[in-house]
1. Peptides 54-67, 90-103, 33-46: what's the order by average Cβ count within 10 Å, highest mean first?
2. Quote the charge dipole size of the stretch 5-126 about the Cα centre in Debye, to the nearest 20; the model charges only the Cβ of Lys and Arg (+1) and of Asp and Glu (-1).
Amino acid sequence: MRLSPFFEELKSAYDAELDDLMTDSAGHDVLARRLQAKRGQVAQLLPMIECNPEMVAVAFHGGMRFANPDVMRDLVALEPEDLPSWETLLTSVSLEPWAADLARRVLKDPSGDHFLVVTACLEFLQGRPAGSAEPPSTTGRDEDEGDDPELDIDLEEAGADWLSEQGFDRRDRFSGDN
């Protein structure tokens, strides 16, 4: 997948912002709490959507689903001035109810439309492992999916596939090399 220079740079900043929010100084996972706080601060953060969109975009983390990954792959190859309107993108992106409420607030800002398209692209990219040809999860969720054994097997197999692609020997229950 080809990224425009704009999204290549912004993806790195977005990933770093999420990483900063992930844990506290003691190493505890505090992402959910910090994202909730960011969501409550969106009105105060709106002045940053043009100069540092990644710092505000994280408020939408986990709130978008992508019905058409091909559209999103095309968008991340574009420069910011070539991006479509948010309204146009809504045929390919759906929002969790809390994210839709946040989007309505953001759209009141003159740059809000463009910001939401950029945010959708960042969320799409964030859900993809580096160099992955597979589309990201369409659930748009961070929380544990529960005790679904089929999901556990899929994740184990995906992890084993990724390690194998990185040059590690594949030893898992799927190859019989236990």
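1. Working: 54-67: 21.7, 90-103: 16.6, 33-46: 14.9.
Highest to lowest by the protection proxy: 54-67, 90-103, 33-46.
2. Details: 10 positive and 21 negative charges, 125 e Å.
Charge dipole of the stretch 5-126: 600 debye, to the nearest 20.
Bear in mind that the values in this text are calculations on the coordinates, not laboratory data. Because the structure is a prediction, the values reported are computed rather than measured. When we count neighbours, we look across all protein chains shown, and the Cβ atoms used for this are built from the backbone with ideal geometry, even at glycine.
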